[in-house]
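All remarks here apply to the structure that follows.
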Amino acid sequence: MYGILFISPWIIGFLVFQLYPIVMSLYYSFTNFSLIKPPDWIGLSNYILLFTKDKNFYLALSNTLYIALIGVPVQLVFSFICALLLNQKIRSQVFFRTIYIVPTIMPAVATAILFRWVFNPEIGLVNSLLASVHINGPTWFADPNWAKPTLIIMLCWTVGSTIIIYLAGLQGVPTELYESAEIEGANGLQKLGFITIPLISPITLFNLITGLIYAFQMFTEPFTLSGGTDASTLGRPQGSLLFYSIYLYQNAFYFTRMGKASAMAWVLLVVIMIVTLVTLRTGNRWTNYEIR
Amino acid sequence: MQNRAALKETPNYSTAKIRWSKASKKISLITGIVLLFLVGSFFFLPWLWLLSSSLKTLDQIFIQPPQWIPKPIDWSNFSKAITYIPFFQYMANTLVICAFVVVGRVISCSLVAYGFSRIRWPGRDFVFVLVLATMMLPFQVSMIPLYVIFSRVHLVNTIVPLVLPAFFGDAFFIFLLRQFFLSIPHELQEAAIIDGANHFDIYWRVILPLARPALITLVIFSFLWTYTDFQGPLIYLTSPQKWTLSLGLRGYFSVHGAQWSLLMAASLLFTLPGLILFFFAQRSFIEGIVTTGLK
């Protein structure tokens with residue numbers, strides 16, 4: 001069969017780089033594997049210890065859930081608003097679209113470093129601007145209470161690709177709908193709520209799910225923000241930026257507790273599946289795929 | 001009710017209503033433009049800050065309130081930045097990895113996408129759903145065993161772990177190319193078959209040339225994502241000479257803090273290739289995001 005011949009690279013890649021590792025990581029999660037010694041079977045120990053004796057596990061999980069359940073919706077709303085702004089019929093929109101979208105090009109490491117500098121407590125852009133109107137700004141990334149919200153602000157800077165997708169969706173809404181609504185006497189907000197938002201709801205669902213999946217695996221930004229040079233300082237300040245993928249990495253490569261890290265990976269997989277399924281199920285209730 | 005109905009009939013009421021709706025349209029327009037500028041400055045100012053900081057000397061950085069245009073402008077940060085760390089070495093390392101990955105993906109993903117779109121075979125669509133499903137798998141699940149595999153064959157600290165998977169397809173790009181291939185008319189393929197072409201000929205002579213826009217999108221995104229990749233190189237490239245630029249930027253940090261002006265200069269240089277690519281290929285870039293997002 002020619003078909004199978006053509007897709008054979010993928011089949012090989014799937015078996016070697018995905019299926020086999022997934023099965024092995026399940027196996028490792030039941031051992032005390034540390035790479036140097038061969039793995040010894042310890043049953044559910046890793047999982048039990050993770051859920052009962054590991055405070056950092058819950059810290060990492062809650063930090064990640066914070067970014068996923070608060071950060072992602074914030075980014076979605078923000079990118080939707082940006083798309084609305086960019087959809088206005090004004091000249092020089094090309095100029096503004098470039099400005100809104102270009103930040104996605106910046107490497108994540110560079111973005112994190114730039115924003116660390118932008119939010120520098122003494123001489124950064126933000127606190128200097130605030131100081132000029134006599135406001136004493138917080139220490140942003142250095143303050144455990146502000147670290148995650150500041151991260152969300154930084155993530156909003158990079159939503160260019162989401163804006164593009166929303167923009168494309170907005171431009172797909174038939175203008176006749178808006179015109180007939182105006183004849184009925186609808187104002188701007190009503191048009192937004194009754195036409196725009198329902199009609200782009202499939203796009204919102206797509207952006208929501210892809211955003212959530214990204215948020216759960218986010219690694220580079222928190223790693224660079226909380227030190228980035230030494231694996232022992234990860235999660236600074238005071239663990240407020242200790243995200244799940246960071247803690248997993250720490251366990252695997254710094255503490256070489258690969259068995260425990262594998263258990264963490266499977267817990268993550270289950271969490272992502274649950275969140276994705278729940279989002280899809282509830283999503284079906286508020287998305288419209290056709291114009292009635 | 002009757003009074004209200006009567007009221008609506010009076011000429012003053014309707015002209016007032018028209019005037020108000022015209023005025024409110026003007027207000028919305030002005031608000032829209034103001035917001036466009038305000039939000040635009042959120043996106044723009046960090047770039048300005050980046051540029052401004054990269055042109056300052058260390059003492060100028062500490063001046064309060066900060067000057068946007070430093071006097072005098074110090075361009076030496078750029079030359080200092082590329083010697084403070086082995087900048088060109090890191091850049092070369094990064095580009096080598098990018099080149100291999102792009103080549104690998106173009107070859108493998110186009111072949112696989114052809115198999116999923118231009119040939120009918122039983123179970124084809126079911127296997128394709130499986131391909132899509134693998135996109136949802138978090139990297140962390142396969143990360144450790146993959147490391148173990150490469151470690152056992154002594155390929156850690158080489159670029160092989162970062163490059164080899166690209167030659168076996170990537171779900172996202174297979175999906176992208178497959179969608180594109182599906183849109184190519186069958187008549188062209190049928191004509192080639194009549195001329196005696198086999199599947200490989202069709203792939204090489206008919207589909208690939210027509211798929212240029214999609215391939216360009218693949219090249220752009222593959223390059224960009226590999227160029228900016230951090231976690232992969234972090235895990236596999238242990239000796240500093242092999243580092244990519246993503247890893248190398250850490251070299252500007254030390255126990256005492258960071259060389260911020262050099263860091264900003266280096267970050268700008270790091271971002272430059274992506275910027276140039278974006279400005280030359282803006283349309284392909286945006287189209288690529290739209291096609292994958294909306295399908």
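A short reminder: the numbers here are calculations on the coordinates, not readings from a lab. Quick caveat, the model's predicted, so the values are computed rather than measured. When we count neighbours, we look across all protein chains shown, and the Cβ atoms used for this are built from the backbone with ideal geometry, even at glycine.
What FRET efficiency comes out for B:Arg19 versus A:Ser92 if R0 is 25 angstrom and r is the Cβ-Cβ distance? Round to the nearest 0.05.
0.30
Please state the charge dipole magnitude for the protein assembly as shown, taken about the Cα centre, from unit charges on C-beta atoms (+1 on K and R, -1 on D and E), reported in debye and rounded to the nearest 20.
So the dipole magnitude of the protein assembly as shown works out to roughly 740 debye.
Would you compute, from DSSP H runs of 4+ residues alone, the mean residue ellipticity of chain B at 222 nm, taking -39500 (n - 2.57) per run and dividing by the full residue count, rounded to the nearest 500?
Theoretical 222 nm ellipticity from helices: -22500 deg cm²/dmol.
For segment A:148-199 and segment A:61-134, what is the separation of their Cα centres, given in Å?
18
Report the normalised scattering of the protein assembly as shown as log10 I(q)/I(0) at q = 0.05, 0.08, 0.12 Å⁻¹, calculated by the Debye formula with identical scatterers on the alpha carbons.
Cα-only, vacuum Debye calculation for the protein assembly as shown: -0.25, -0.64, -1.35.
According to the Kirkwood expression over distinct Cα-Cα pairs, how big is the hydrodynamic radius of segment A:114-177, in Å?
For segment A:114-177, inverting the mean 1/r across all distinct Cα pairs yields 13.9 Å.
Going by amide H atoms built from the backbone, whose H comes under 5 Å of the H on A:Thr31, apart from near neighbours?
A:Ile42
Of all trypsin sites (Lys or Arg not before Pro) in segment A:1-89, which ones are in loop regions per DSSP and have a Cβ with at most 10 other Cβ atoms within 10 Å?
A:Lys53, A:Lys89
Evaluate peptide B:246-254: per residue, the Cβ atoms of other protein chains within 10 Å of its Cβ; return the mean as an integer.
Average per residue, whole number: 4.
Can you list the chymotrypsin sites (Phe, Trp or Tyr not before Pro) in segment B:52-126 that are in a DSSP coil and have 14 or fewer other beta carbons within 10 angstrom?
Those satisfying the criteria are B:Phe62, B:Trp68, B:Trp75.
Using 0.36 nm times the number of residues separating B:Leu155 and B:Asn198, minus their current alpha carbon distance, what extension gain do you get?
Using 0.36 nm per residue and subtracting the Cα-Cα distance, I get 11.7 nm.
Okay, helix-only estimate at 222 nm for chain A: each DSSP H run of n ≥ 4 adds -39500 (n - 2.57), divide by all residues, round to 500 deg cm²/dmol; what do you get?
-18500 deg cm²/dmol
Just checking the output field for B:164-173: average partner chain Cβ neighbours within 10 Å of each residue's Cβ?
Across the residues of B:164-173, the mean count of other-chain Cβ atoms within 10 Å is 4.
Below 13 Å, Cα to Cα, which aspartates and glutamates can A:Lys191 reach? Residues fewer than 8 away in the same chain don't count.
A:Glu176, A:Glu179, A:Glu182
Run through segment B:74-162 and list the trypsin sites (Lys or Arg not before Pro) located in a DSSP loop whose Cβ has at most 11 other Cβ atoms within 10 Å.
B:Arg120
Per-residue Cβ counts within 10 Å, from other chains only, averaged over A:27-37: what number is that?
Partner Cβ neighbours, averaged per residue: 1.
How big is Rg to Rh over segment B:162-213, alpha-carbon atoms, Rh as the Kirkwood inverse-mean-distance radius?
So for segment B:162-213, dividing Rg by the Kirkwood Rh gives 1.06.
Please return the longest stretch of chain A lacking exposed loop sites, where GluC sites (Glu not before Pro) count only if DSSP places them in a loop and at most 13 other Cβ atoms lie within 10 Å.
It runs A:1-121.
Which order results if B:Leu45, B:Leu215 are arranged by neighbouring Cβ count within 10 Å, fewest first?
Lowest to highest Cβ neighbour count: B:Leu45, B:Leu215.
Would you list which lysines come within 21 Å of A:Lys148, measuring only between C-alpha atoms, while excluding same-chain residues fewer than 8 positions from it?
Filter leaves A:Lys55.
Could you grab the relative contact order for chain B? Cα pairs under 8 Å, six or more apart, rounded to a whole percent.
So the answer I get is 28 percent.
Mind telling me which of B:Asn198, B:Asn93, B:Asn77 comes out most flexible in a GNM of chain B, alpha-carbon contacts under 10 Å?
Sorting by GNM fluctuation, first place goes to B:Asn198.
For chain B, what percent of Cα pairs sit more than 24 Å apart?
68
Once you keep just the Cα pairs under 8 angstrom separated by 6 or more residues, what percentage relative contact order results for segment B:17-80?
This gives 28 percent for segment B:17-80.
Estimate the FRET efficiency between A:Leu49 and A:Ile81 by the formula 1/(1 + (r/R0)^6), using the beta-carbon distance for r and 60 Å for R0, to the nearest 0.05.
0.85
Show me the helices of chain A, taken as full DSSP H stretches, that run 27 Å or more along their long axis by Cα and average 0.5 or above in Kyte-Doolittle hydropathy.
A:258-286
Relative to the compact-globule scaling 2.2 N^0.38 Å, provide the ratio for the alpha-carbon radius of gyration of chain A.
1.21
Just to be sure I understand: with springs between alpha-carbon atoms less than 10 Å apart, which residue in A:Arg91, A:Arg116, A:Arg257 has the highest mean-square fluctuation in the Gaussian network model of chain A?
A:Arg91
Using alpha carbon centroids, what distance separates segment B:167-195 and segment B:89-151, in Å?
Each part's Cα centre sits 17 Å from the other's.
Please pull out the direction-averaged projected area of segment B:128-255, using the convex hull of its alpha-carbon atoms, in nm² to one decimal place.
Averaged projected area of segment B:128-255's Cα convex hull equals 11.0 nm².
With chain B treated as a Gaussian network of Cα nodes joined by springs under 10 Å, which of B:Leu95, B:Leu177, B:Leu272 yields the largest mean-square fluctuation?
B:Leu272
Arranged by the count of other C-beta atoms within 10 angstrom, fewest first, what order do B:Asp74, B:Asp170, A:Asp40 take?
Ordered from fewest to most neighbouring Cβ atoms within 10 Å, B:Asp74, B:Asp170, A:Asp40 come out as A:Asp40, B:Asp74, B:Asp170.
With a 10 Å Cβ neighbour count serving as the proxy for reagent exposure, in which order, fewest first, do B:Ile82, B:Ile63 appear?
Ranking B:Ile82, B:Ile63 by Cβ neighbours within 10 Å, fewest first, gives B:Ile63, B:Ile82.
Stick to the Cα atoms of segment B:1-146, pair each with every other, and give me the Kirkwood hydrodynamic radius in Å at one decimal.
23.9
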